[in-house]
C-alpha cells in the first residue's frame, strides 16, 4: 500500500490495518519456517508496509498534539 493511500485513513483505520499486517507477517513467518513460502519477497513488503503505517500513526499523533497547544 502506498503512503498516499494510507494518509487518507483515520487513526482507527490505521490501527486496524496495522493489526492485519502483523497477522499477515506472522503467517508469512510460519510459512517460511515450514518451507511453504512461495514468494520470500512478501516478507520484506509486509515489513515495509508495517513501517509505513506506524510512521503515519506517529505523524498523525504529533500533528494532533501540535494543534492542541
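A few comments on the model shown:
- Residue check for residue 29: surrounded by fewer than 16 Cβ atoms within 10 Å (Cβ to Cβ), without any contact (Cβ under 8 Å) to a residue 12 or more places away in the chain and part of a helix (DSSP H, G or I): no
- Residues in region 41-63 that are surrounded by fewer than 11 Cβ atoms within 10 Å (Cβ to Cβ) and under 15 Å from residue 8 (Cα atoms): 58, 63.
Each reported figure results from applying straightforward, stated rules to the coordinates on display, with no laboratory input. Everything numeric in this text was worked out from a predicted model, so none of it was measured. We place every Cβ from the backbone using ideal geometry, glycine too, and count neighbours over all the protein chains shown.
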